[in-house]
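Take a look at the structure set out below.
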Amino acid sequence: MRAIQISSAGGPDVLTPVELPDPQAGPGELLVEVAAAGINYIDTYQREGIYPMPLPYVPGLEGAGRVRAVGEGVAGFAVGDRVAWAENLGSYAELVAIAADKAVAVPDAVSDDVAVGALLQGMTAHFLVTDCHPVQAGENLLVHAAAGGVGLLLTQLAAARGGRVIATVSTAEKEELARGAGAAEVIRYTEVDDLAAAVRELTGGDGVHVAYDSVGATTFDASLASLRRRGMLVLFGASSGPVPPVDPQRLNAAGSVFLTRPKLFDYNATRDELTARAAAVYSAVADGTLDVRIGHRYPLAEARTAHEDLQARRTTGKLLLIP
Ligand code: NDP
């Protein structure tokens, strides 16, 4: 099969197209023909070695496709079923063997592209607004990188719950997308000197109930300074680099605020949580609450270009690799 392989940690140039033996469905596994693989920011952290990986490996945690073979001991899936997954390395490939207990069924009404576009990033947006901090109508929320893959979905789900989203983006095109997703206010954070002051002005001086920050190094201080008293900073990514160590006293000084650094896989810790969250996201797609924007489809062999575009902030919405 054709796949992308990484043999040493590094920049996008380590994403190498290769021919590999076809994987087999081992016990508890499904062998799937990949229709679309999802690109996620975590793929860049793994590629760079920020999250150390066993080498060599085929990257990509996410995809959708059709079951070609069912391994021993698997119940609930059959050859020909359409499935999606968000937690299985090896997805940048024509074929992947996935753990059956990490697979979810894709409803007929949901296309392969949307099945991928809604899954990892949609479930992330979902746990952020329902579990991490259950958004209430009328709350002020700060959402950074609102035109990104997670950002567009997070903005839509937060707005659907009645939250007033103050979005940050870097360009006019991204501003338009964030507004289309339901942002009440948009700040071009690359153009303001004092981001927290701009957020405070938009909240009558109060600050936001929650800041959803996936950008990290360059936004953390402003996110903290944007919170209202007893607000919450949800730091869920590091697109601009990791945040240096934080003195807990800063949470006191900022108004007895809360800081959490969550990851999806702790909120999808059981099979029941995974299937319930995937079903919630796919039903939000089906009922029109969630519009999944596919920003770009790259041929599998162009994984390198896709990672370059993502890290250069040239992309919006979901990026897919098509084998
Ligand atoms: P995005 O599509 O959001 O791409 C990243 C965006 O971040 C860019 O488009 C850019 O938007 C913004 N950005 C700001 N500064 C930088 C910078 N210096 N370099 C690169 N980008 C920058 O990616 P994803 O939707 O895949 O992921 C978003 C974030 O969410 C990531 O940090 C990821 O790790 C995190 N995440 C966390 C999960 C969790 O469970 N904790 C699960 C899924 C994702 P702009 O141009 O508008 O500034």
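The values are calculated or read from the model by the stated rules, or taken from the named source; none is laboratory data. Owing to the predicted nature of the structure, the values given are computational and were not obtained by experimental measurement. We place every Cβ from the backbone using ideal geometry, glycine too, and count neighbours over all the protein chains shown. Ligands, DNA and RNA are excluded from the accessible area calculation, which covers all protein heavy atoms including side chains. Shrake-Rupley method; radii C 1.70, N 1.55, O 1.52, S 1.80 Å.
Mean-square fluctuations from a GNM of the chain, with a 10 angstrom spring cutoff on Cα atoms, peak among ALA301, ALA183, ALA276 at ALA276.
Note that the range 1-156 presents 35 Å² accessible area per residue, ligands and nucleic acids not counted, probe 1.4 Å. Where only DSSP H runs of four or more residues are counted, the chain gives -8000 deg cm²/dmol as its mean residue ellipticity at 222 nm, each run worth -39500 (n - 2.57).
Where in the chain lies the longest segment free of GluC sites (Glu not before Pro) that are both loop residues by DSSP (not H, G, I, E, B) and have at most 13 other Cβ atoms within 10 Å? Could you put the intermediate results ahead of the total?
Details: sites that count: GLU72, GLU191.
Looking at the chain, 192-323 is the longest stretch - no exposed GluC sites (Glu not before Pro) with at most 13 other Cβ atoms within 10 Å.
Between LEU227 and VAL208, the built amide H atoms are under 5 Å apart, and every one of these is 5 or more places off in sequence or on another chain.
Sequence-ordered 3J(HN,Hα) estimates for the range 72-80 from the Karplus curve with 6.51, -1.76 and 1.60 and θ = phi - 60° stand at 4, x, 8, 10, x, 10, 9, 4, x Hz, glycine and proline given as x.
Coupling constants for the range 18-27 follow from the phi torsions by the Karplus curve (6.51 cos²θ - 1.76 cosθ + 1.60, θ = phi - 60°), and in residue order they are 9, 9, 10, x, 4, x, 10, 7, x, x Hz; glycine and proline get x. 3J(HN,Hα) along the range 30-38: 10, 8, 10, 7, 6, 8, 7, 9, x Hz, from the Karplus curve 6.51 cos²θ - 1.76 cosθ + 1.60 with θ = phi - 60°, whole Hz, x for Gly and Pro.
Taking amide H atoms as placed 1.01 Å from N in the peptide plane, the amide H of ILE187 lies under 5 Å from those of ALA167, THR168, VAL169, each 5 or more residues away in sequence or on another chain.
Can you send over the carbon and sulfur percentage of the accessible area for the range 104-170, probe radius 1.4 Å, protein chains only?
Reported share for carbon and sulfur atoms: 52 percent.
For the range 119-215, the C-alpha radius of gyration divided by 2.2 N^0.38 Å, with N the number of residues, is 0.97. Think of the range 156-299 as a dipole: +1 on every Lys or Arg Cβ, -1 on every Asp or Glu Cβ, centred on the Cα centre; then among VAL199, ASN268, ALA253, ASN268 lies furthest on the positive end.
For the range 167-323, a simple Cβ point-charge model (Lys and Arg +1, Asp and Glu -1, everything else neutral) yields a dipole of about 320 debye relative to the Cα centre. Model label points for LEU55 and ALA160, set 7 angstrom from Cα along the Cα-to-Cβ axis, are 4.2 nm apart. If the segment from ARG314 to ALA197 were pulled out straight at 0.36 nm per residue, it would be longer than the present Cα-Cα gap by 39.4 nm. Whole-percent P(r), the chain, all Cα pairs, 20 Å bins from 0: 33, 56, 11, 0. A dipole drawn for the range 217-316 from +1 and -1 charges on Cβ atoms has a positive end, and of VAL285, LEU227, GLY241 the residue lying farthest that way is LEU227.
Compute the accessible area per residue over the range 240-307, keeping the other protein chains in place, probe 1.4 Å, unit Å². Working shown, then result.
Working: 3890 Å² over 68 residues.
Using a 1.4 Å probe on heavy atoms only, each residue of the range 240-307 averages 57 Å².
Comparing ASN140, ASN40, ASN268 in a Gaussian network model of the chain where C-alpha atoms under 10 Å apart are linked, the largest mean-square fluctuation is found at ASN268.
Only four residue types carry charge here, +1 at the Cβ of Lys and Arg and -1 at the Cβ of Asp and Glu. Report the dipole size of the chain about the Cα centre in Debye, rounded to the nearest 20. Please report the intermediate quantities before stating the final value.
On the way: 26 positive and 38 negative charges, 108 e Å.
So the magnitude is around 520 debye.
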